[in-house]
Structure formats: structure tokens, C-alpha cells
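Just so you know, all these numbers are worked out from the coordinates, no wet-lab data involved. Bear in mind that the values here come from a model prediction, so they are computed numbers and not experimental data. Neighbour counts run over all protein chains shown; Cβ positions are idealised from the backbone, glycine included.
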Amino acid sequence: MSGIPRIKVNNHGTFFYQYEFSLLDALEAQEIPAPYNCRGGYCGTCKVRLLDGEVEQVQDALFDTVGDEILTCCCKPVGHIEIELPED
């Protein structure tokens, strides 16, 4: 499984990306409680920190991110990534 991107999530372990539409879809498939609201890149609720790796956009976002922030509803991993979900 070395060619399949691996996703590491703080306090939730590591799993392999199964080519879902977005990173948010992949997190939901693993039953990881990732925040979201609109699924369209408008609200920013699904914002997480990208600690390592690279993502590519699957749809345009209207919410501006800063620095290492990404919107899980608008991207997917290019390779292995590590993300940090916000604290409750």
C-alpha cells in the first residue's frame, strides 16, 4: 500500500486514503469527528492545520485560509499527509 496516500490525524491515528472526493469525505468514512457545515468552501468550519505533506484543491473555496490551514471539504491529499483537527 505504499502508493496509496496515508493520512495521520492527531488523536485519531493513521489510515489510508481510498480516493474519496475530498479529505472531509475520507475523514467521515473513517468515522473521525471532523468539523464541517456547508461542504462547499464557504464557511470555513472544516478548517484544519496541515502539519506535513501536500494537498490539491478539488473545488474552489470562498473562505480564505491562512498559513498552514486547509479546508477539508475542498482538498484531497497528494501523498502522505498529517493534519491536526481543532480542539473541541
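Local charge sum around Ile4 (other residues, Cβ-Cβ under 14 Å, Lys/Arg +1, Asp/Glu -1)? Walk me through the numbers on the way to the answer.
Details: positive: Arg6, Lys8, Lys76; negative: Glu20.
Net charge around Ile4: +2.
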Discussion item. Running a GNM on the chain with Cα contacts under 10 Å, which residue among Cys38, Cys46, Cys73 ends up with the highest mean-square fluctuation?
Written reply: Cys38
Worksheet item: Label Phe16 and Glu82 with points 7 Å out from Cα along Cα→Cβ: what is the distance between them in nm?
Response: 2.1 nm
Worksheet entry | Neighbour-count order for Tyr17, Tyr42, fewest beta carbons within 10 angstrom listed first | Tyr42, Tyr17
Fill in: Candidates Gly44, Gly53, Gly67: whichever shows maximal mean-square fluctuation once the chain is modelled as a Gaussian network with Cα springs under 10 Å
Gly67
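Roughly what % antiparallel, to the nearest 5, for the DSSP beta bridges in segment 6-84?
On the way: 13 of 16 bridges.
Taking every DSSP beta bridge within segment 6-84, about 80 percent pair in antiparallel fashion.
Using a 10 angstrom Cβ neighbour count of at most 10 plus a DSSP loop assignment to flag exposed GluC sites (Glu not before Pro), which longest range of the chain is free of such sites? Walk me through the intermediate numbers first.
Working: sites that count: Glu31, Glu87.
The segment 32-86 is the longest one with no such site.
Run the helix sum for the chain: -39,500 (n - 2.57) per DSSP H stretch of 4+ residues, divided by residue count, reported at 222 nm to the nearest 500 deg cm²/dmol. List each step's numbers first, then the result.
Details: 1 runs with 7 residues, N = 88.
For the chain, the value works out to -2000 deg cm²/dmol.
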